[in-house]
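The values are calculated or read from the model by the stated rules, or taken from the named source; none is laboratory data. Fair warning: this is a prediction, and the values are worked out from it, not measured in the lab. Note that each Cβ is placed from the backbone with ideal geometry, even for glycine, and that neighbours are counted across all protein chains shown.
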Amino acid sequence: MEKKKQRIGLYICHCGGNISDYVNVEEIGKLMQKEDGVLISKDVMFTCADSNQKDMIQDIREKNLDAIVVASCSPKLHLHTFQEVAKRAGLNPSNYVQVNIREQCSWPHSDKPKDATMKAVGLIQAGVKRVAYSESLENIEVEVKSTVLVVGAGISGMRSSIELARLGYEVYLVEKESVVGGHVAELEQVFMSGQNGKKIINDLYEQVKSYSNITLFTNAVMENVSGSIGNFSVDVRIKPREEISGQKEETLTLHAGAVLVATGFDPYQPKEGEYGYGTMPSVVTLPEFNEMIRNNPGKLVHNSRQIRKVSFIYCVGNRQNKGENKYCSRHCCTSTIHTSIQIREKYKDITSFHLYRDIRTYGKQEVLFEKSSRQGDIYIRFDEKEPPQIEQQGKKTLIRVTDYLTEKRELELEADLVVLVTGMEARKDSTDISAKFKIPIGNDKFFNEIHPKLKPVETVIKGVFIGGSCQGPKNITESVQSSLAATAKINALLGSGKIQLAPIIARVNQDACTWCGKCAEVCDYDSLVKTTAANREVALVNRATCAGCGICAPVCPENAIDLAQYTDSEIESMIDGFMMEIDPGEIGKAEAAVEKEVLQMREYPQMWKNILSTLNGGKKTIPEMAEELNEKKELVTYHVMTMNRYGAVVPAGMDEDEEYYYYSIKN
Amino acid sequence: MSKVNPYFAKEMKKLGGTEFNACFNCGTCTATCTLAEKDNAFPRKLIRYSILGLEDDIKSSIEPWLCYYCGDCSDSCPRQADPGNIVMAVRRFLITSYDWTRISGLLFRSLAAYIVAFSLLLLGIIGAYTADIFTKEEWVHYGHYFEMIAIGSVFLVILLPNIIRMWYFTVARKKVKFNIKVYFRELKTLFIHMFSQKRALECDDSKENRTWWLEHLLLVIGYLSLLFTTVFLNWFATGSIFIIVMGYIFSAMIFVVTFDFMMKKFRKKTQRSTTLHYSDWFFIIWLFLMGVSAFAVRLFIDLDLLQNNFWLYLFHLTVLVQWALIIVPFGKWTHFLYRSFAMYFSAILEAPENARK
Amino acid sequence: MSDTKSSPRILVFSTDTISDPGIDQAGQRKIHYSPSVYVISLPCSSGIKPRWIMHAFEQGFDGVFIAADGIECSYNHKCAEYTNNIIVETQQMMKDKNINPKRIRMAALCSVCAEPFVNHMENFSRILVELEN
């Protein structure tokens, strides 16, 4: 363990008044100067300001500080800022601790300024104690290959491969089907451009072929995945193509610095009998209906019957309150309405019923909804509790539905075709892929990013990115957006050939370790392995793959594992810091003075009487009154202004220097 | 269980309801309408009925008659679905469904039918005049008789059965207990509304609306009074100065107000005057022509010019015949009658439970 | 100061990416809670050592609250289960030291759960006060 830090610099931020209005930062600054190990303790108007950053660097260099603490806002805002300050001053950024006295002190306790000040003292003490135990940690540097493995050759995977190839990376594009294009290739017309899906895919395919640094594998499935960021190694089994005889199955091992998973979605497949699917010939799914439209150029015919009335039932297999698929697939409303406009244009004499739960044609897609209603499509809203009932009566297909838009009226309608609007589901093999790459998946079996807003395409597995609808339902635009975002992240990661990993990882005290294997058992990343040191079996942490969650630390029966920056001494010293009894001393006095002033302000009737008696028919300036009353000028000003507003006194010209107003009693 | 009829919307379009499909069920129209109540989402529910084709529900609605088309709903509709317009179309649909002869259905759905009917009557009069069967005095004399007979028979043969049908659709089908006393007591509502049109004032408080109500009321009063003056006091043949002056005033009231209405409709100044069906134009123009021609005929009589300008009387008679045989029994005129009866019926329906026993 | 003394002192363990932002939000929205609540933020709640919790009780904390990520945890899909194991283990240690196991609590808290956090603090304080009496 490193030496305890003895030359600590502490900076306490006013944040304008965001902190200092409620927390007495000046007094805390003075108080903390007496604290053990603290060399500098200052209160600063804005610690994040450039000028203060410069002062901090100067302090670190001149006073040879070995650790710094800034008590200001949440670390989410400025941890990085001050780590950089430390770095610029030649101090290891790990010897920096940020104390949150704004979001977790001055703001939530703005109702109790005195208590807020006392809490801030505790928080700052904890920060000072913690930083004393901080260790200088070095980032972990890993060399990376400039090769990218893209899993899935749908529109997202292909677009990303092209961009990566353009940036000069070697790209392996792996597709499990025998053809590229995924679901986009199935669409006859894509909203809003009106392009043909197959054409889009063909164009992309031509581009993919034109890059010599893209290698496309079709009929290929992932087998074993090993390695970590910078050097993944993935076994890909390539099945022989049926149309080419004599081809043999082979397995290749591909090496890649990063992986982009863009495996897309499966359309929800209704269960046998769900809304009559599979049992009634007139019930089909939306993808099946789209295929029907593709294959029927002149008249829309199904089972040798001309279709004049189509009824769409929305949210099938989606937004299930009781089922697994709680999410909304977000593309299907637009898709369905687009289809209903398409069939109206293509077949003219056709009526669409939309049995929906909510219409979500968000963004620019809203125009479709209006167009569809204006063309005479009939919208009927049902509730999940009362789903439409479908019944076959001879040749007729009848639908019974409770319409929530019409006084919950029970309606009966006749349709020639019932189209189930099925949403998206995670790929059947997503669990399998998740297990291979260790990408976390949700209950819905879609892959999970680190943070939906702040890190939307990164996974906790360093070097593995996700794009497109494998992450959750997305439309084509959104899919391509996310996969291109991932592409940019991959470029940023692999661009320099080397990467720096944060040093927050688990560490094993091999002297204490007796290798029971519990740590390896709980680790989701296989980062703990058995090794031999000094002839003993002990655990070893893979520094490149460790995610730094710390799950292994509490399970160790020997307490031989800790997480860097979260060691026992650091955390326990924080707890000590919170609870350390402090002498309110100066802070108490200052607080009492403020309180007295406030009380005086409140006792205005007495103060008013005093002011009025000094005026006594004549006129006086505020400094004169203050002197006579032996009160602070500010206090007198406050009362005179108030009395003026209420009409007790009036201004009566200025003094000779034109510096102050005279006031006199109003008659 | 109500059966959805997707083709009904086309029917409504013929009757002038053109934009209602754009509705996305926000309910703003209901929020702005003073007729809407807790259990009565008017006019939104009429739009739903029209879209879904729930004919029976439309037929049993009384509210379209209570609406004076202030236009608030159409003004505030975020989708420009023009809810006020669909209420007007529903009224036309109701007129055609109450009419047992089905002739109004034909006339409301086809402009051609309207023109043919008008032309036939015109040709009939021209034919009769050229055939020279009546002297000029006889023309005026029989013209007066025609008026009396037409009023009586149109009312007995067409309007009375239609009102009974209206009662059947709107009241009887609702299976409320029948109590003759309530029917007598509420008769006052019928007459109060018929002669005051005061429901219109409840729509909104604006100056514009009050002006409109006053004009509309003047028109109703003027029309009824002129009817009384010509039919029962025989205005064209009377010698009483009082009656003559009254006739002038009443006919002037008609053509002044209708002229103002026409101008407003031309300029499309208010929501009320923006979307009009051809039946509305026929109604207002013929009312105007009737007022002007009656005024002119009496003036010519007083100036002793009629004998030499008999075409004027023939013109007046043509307008009158077309009015009495087409517009009154099968055209927009009926809205006057149905609206008053709607007030009456809704008062009966709203009568407290115990009063109905 | 009287407030700090009378209201129970609670140590909260939060997580850097999810529950700590939730607690920050209570501050941002100026929703008040007891100033005797102190927060330590960690990468993941499954990394809390029972000895830290015991240390907190020894130092005078009245209760320990774990603001976990539940199923939202981006590190481990079994995070909630392991965090729970830690609590069970700690409660055993607490019993040995005669500390009421009710003094430790866990709940899932999301990154915008400002009100739920404040409610948890109020309820927990109430429970801790009841335990005192």
- Query: Only one of these conditions is not met by A:GLN104: (1) closer than 25 Å to A:SER136 by Cα; (2) within 27 Å of the chain's Cα centre (by Cα); (3) of a type outside the set (D, E, K, R); (4) within 13 Å of chain C (Cβ to nearest Cβ). Which number is it?
  - Reply: (1)
- Message: I'd like to check something: does the stretch A:377-394 contain any residue that is farther than 18 Å from B:LYS45 by Cβ and within 9 Å of another protein chain (Cβ to nearest Cβ)?
- Response: yes
- Taking the stretch C:20-34 and the residues there that are more than 14 Å from the chain's Cα centre (by Cα) and in a loop (DSSP other than H, G, I, E, B), the one that is farthest from the other protein chains (Cβ to nearest Cβ) would be C:ARG29
- Have a look at B:GLY16, B:GLY84, B:GLY53 and point out the one that is within 23 Å of B:MET166 (Cα to Cα), outside the structural domain of B:ILE158 (by TED's automatic domain parsing) and in contact with a Ser or Thr (Cβ under 6 Å, 6 or more places away or on another chain). B:GLY84
- Identify the residue in the stretch A:521-556 that is within 23 Å of C:TRP52 (Cβ to Cβ) and away from chain C (no Cβ under 12 Å) and, among all such residues, is surrounded by the most Cβ atoms within 10 Å (Cβ to Cβ). A:ALA539
- Note on the structure: From the option list A:VAL70, A:VAL38, single residue qualifying as under 30 Å from C:GLY22 (Cα atoms) and crowded, with 17+ Cβ neighbours inside 10 Å is A:VAL70
- Going by the structure shown, is B:TRP65 more than 14 Å from chain A (Cβ to nearest Cβ) and either assigned to a helix (DSSP H, G or I) or more than 30 Å from B:VAL157 (Cβ to Cβ) (or both)? yes
- Query: Are any residues in the stretch C:39-63 more than 7 Å from chain A (Cβ to nearest Cβ) and at positive phi, and if so, which ones?
  - Reply: none
- Is it the case that the stretch A:343-350 has a residue that's aliphatic (A, V, I, L, M), part of a helix (DSSP H, G or I), within 20 Å of A:ARG294 (Cα to Cα) and in contact (Cβ under 8 Å) with a residue 12 or more places away in the chain? yes
- Kindly check whether there is at least one residue in the stretch B:133-144 that is exposed (fewer than 15 other Cβ atoms within 10 Å of the Cβ) and either of a type in the set (S, T, N, Q) or not assigned by TED's automatic domain parsing to the domain that holds B:PHE236 (or both). yes
- Note on the structure: Going through the stretch A:254-284 in order, the residues found to be of a type in the set (Asp, Glu) and over 30 Å from A:ASN213 (Cα atoms) are A:GLU272, A:GLU274
- Query: Taking the stretch B:150-180 only, how many residues are assigned to a helix (DSSP H, G or I) and free of Cβ contacts under 8 Å to residues at least 60 places away in the same chain?
  - Reply: 10
- Do we have C:LYS102 as within 11 Å of chain A (Cβ to nearest Cβ), of a type outside the set (S, T, N, Q) and out of contact with any Ser or Thr (no Cβ under 6 Å at 6 or more places or on another chain) here? no
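For the stretch A:1-108, which strands (runs of 3 or more DSSP E) that fit wholly inside it have 3 or more residues that are of a type outside the set (A, V, I, L, M) and on the phi < 0 side of the Ramachandran plot?
Once the strands (runs of 3 or more DSSP E) in the stretch A:1-108 are filtered for at least 3 residues that are of a type outside the set (A, V, I, L, M) and on the phi < 0 side of the Ramachandran plot, what remains is A:8-13, A:38-44, A:96-100.
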- Query: Which of the helices (runs of 4 or more DSSP H) contained wholly in the stretch B:193-279 include at least 1 residues that are among the polar types (S, T, N, Q) and farther than 30 Å from B:LEU303 by Cα?
  - Reply: B:207-231
- Matching residues, the stretch B:82-118, being farther than 14 Å from B:SER50 by Cβ and either among the basic types (Lys, Arg) or not in a helix (DSSP H, G or I) (or both): B:ASP99, B:TRP100, B:THR101, B:ARG102, B:ARG109, B:SER110
